[in-house]
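Peer 1: Here it is: the structure, laid out below.
The values are calculated or read from the model by the stated rules, or taken from the named source; none is laboratory data. Quick caveat: nothing in here was measured; it's all calculated off a predicted structure. Cβ placement follows ideal geometry from the backbone for every residue including glycine, while neighbour counts extend to all protein chains displayed.
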Amino acid sequence: MRILAIDYGKKRTGLAVTDPLQIIANGLTTVATKDLEAFIMDYVAREQVERIIVGQPRQMNGEDSENMRRITPFVNRLRRLLPAIPVELFDERFTSVLAHRAILESGIGKKARQNKALVDEISATIILQGWMESR
């Protein structure tokens, strides 16, 4: 079964997923946040998902960032919609910085580096990889 990771954003949300053996984290896609719940419901209907990891934005002092006021209701809805699938929060500090660095170091052209959807998808992958390494 797969593990799905979510980098929740105000407008766009990046998604990443493991392979069925939960060895490798891969970017899945980026969706408009308004379409996120429908996308997830469709995805879990097609794929076996064991767990959902949602990036928890924190400030440098460890306190939740402003985006948590959007994430908390989303996580609560997911838990009600998918009671058989555990939903966990995972500290996502620095994921956007790491995503930008990964894109820069990959040699991708300037135009592609400005693709915010790509940054969101890579951020979700970094969240998932971090969660996997913490286990």
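Peer 1: Can you tell me which residue within region 33-48, out of those that are out of contact with any helix residue (DSSP H, G or I) (no Cβ under 9 Å at 6 or more places or on another chain), in a helix (DSSP H, G or I) and not aliphatic (A, V, I, L, M), is surrounded by the fewest Cβ atoms within 10 Å (Cβ to Cβ)?
Peer 2: Here the answer is R46.
Peer 1: Restricting to region 77-117, and then to whatever is at pLDDT 80 or above and over 25 Å from S134 (Cα atoms), can you tell me which residue is surrounded by the fewest Cβ atoms within 10 Å (Cβ to Cβ)?
Peer 2: Once the filter is applied, the top-ranked residue is R80.
Peer 1: Going through region 55-76 one residue at a time, which ones are exposed (fewer than 12 other Cβ atoms within 10 Å of the Cβ) and at pLDDT 90 or above? Spell out how you get there, then give the answer.
Peer 2: We begin by selecting, within region 55-76, every residue exposed (fewer than 12 other Cβ atoms within 10 Å of the Cβ); these are 59-63, 66, 69, 73, 76.
Those that are exposed (fewer than 12 other Cβ atoms within 10 Å of the Cβ) and at pLDDT 90 or above: R69, P73, N76.
Peer 1: Which one of these does R51 not meet: (1) at pLDDT 90 or above; (2) among the charged types (D, E, K, R); (3) in a helix (DSSP H, G or I); (4) under 18 Å from I3 (Cα atoms)?
Peer 2: Among (1) at pLDDT 90 or above; (2) among the charged types (D, E, K, R); (3) in a helix (DSSP H, G or I); (4) under 18 Å from I3 (Cα atoms), R51 violates only (3).
Peer 1: Six or more apart or on different chains, Cβ atoms under 6 Å: show the pairs whose first residue is in region 116-135 and among the hydroxyl-bearing types (S, T, Y) and whose second is not in a helix (DSSP H, G or I).
Peer 2: Final answer for the pair search is S123/D7; S123/G14; T125/A16; T125/A25; T125/G27.
Peer 1: Taking R70 as meeting all but one of (1) closer than 20 Å to Q129 by Cα; (2) in contact (Cβ under 8 Å) with a residue 24 or more places away in the chain, write down the number of the exception.
Peer 2: The single condition R70 does not satisfy is (1).
Peer 1: Let me ask another. So which pairs qualify, if the first residue must be in region 2-28 and acidic (D, E), the second must be surrounded by 14 or more Cβ atoms within 10 Å (Cβ to Cβ), the Cβ gap must be under 6 Å, and the two must be at least 6 apart or on different chains?
Peer 2: Matching pairs, first to second residue: D7/G14; D7/G55; D7/D120; D7/S123; D7/A124; D7/I127.
Peer 1: I've got another one for you. Quick one: which residue in V49, V44 is of a type in the set (A, V, I, L, M, F, W, C), out of contact with any strand residue (DSSP E or B) (no Cβ under 6 Å at 6 or more places or on another chain) and more than 18 Å from S123 (Cα to Cα)? Even if it seems obvious, please write down each step before you answer.
Peer 2: Details: V49 fails: out of contact with any strand residue (DSSP E or B) (no Cβ under 6 Å at 6 or more places or on another chain).
Result of the check over V49, V44: V44.
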